[in-house]
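In what follows, a structure is listed as structure tokens, so that the remarks can point back to it.
The values are calculated or read from the model by the stated rules, or taken from the named source; none is laboratory data. Keep in mind it's a predicted model, so treat the numbers as computed, not measured. Neighbour counts run over all protein chains shown; Cβ positions are idealised from the backbone, glycine included.
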Amino acid sequence: MPDNTGKSEFTFVVTGVELTKDQEERISRAIAQAGALALGDVAPRDALPVRLDPKIWWYGLPKDVLVRELQQFAAAEAGPVR
């Protein structure tokens, strides 16, 4: 598994507008998605976005055990594969 010790943080500040909580969350999600897309092939292939709160997202590699649990959950939700 790759080293997860590298860390970069980015900030996006908007002034001059009043945003609702829903708008803040929607914009935050869009910024997180754009950031993940901008990483392109720099990010590990299995990196995942995780919302920490409405305006903060983490993007990286979860521990192997979490990936396995997520795969099991997704398989149960999806049902039998055709």
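Summary table
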item	result
Any chance Pro80 is within 26 Å of Gly6 (Cα to Cα) and outside any helix (DSSP H, G or I)	no
Positions within segment 5-27 being over 17 Å from the mean Cα position of the chain (by Cα), outside any helix (DSSP H, G or I) and not polar (S, T, N, Q), in sequence order	Val13, Val14, Gly16, Val17, Glu18, Leu19
Among (1) out of contact with any strand residue (DSSP E or B) (no Cβ under 9 Å at 6 or more places or on another chain); (2) modelled with pLDDT of 90 or more; (3) of a type outside the set (Ser, Thr, Tyr); (4) not in a helix (DSSP H, G or I), the one test that Asp46 misses	(2)
Cβ pairs under 6 Å, 6+ apart, first in segment 58-82 and closer than 30 Å to Val42 by Cβ and touching a residue at least 12 places away in the same chain (Cβ under 8 Å), second in a helix (DSSP H, G or I) and among the aliphatic types (A, V, I, L, M)	Tyr59/Ala36
Filter result (surrounded by 12 or more Cβ atoms within 10 Å (Cβ to Cβ) and either more than 22 Å from Gly6 (Cα to Cα) or of a type in the set (Ser, Thr, Tyr) (or both)) within segment 35-71	Pro54, Tyr59, Glu69, Leu70
Cross-chain or 6+ apart pairs with Cβ under 6 Å, segment 7-34 first and surrounded by fewer than 10 Cβ atoms within 10 Å (Cβ to Cβ), then aliphatic (A, V, I, L, M) and assigned to a helix (DSSP H, G or I)	none
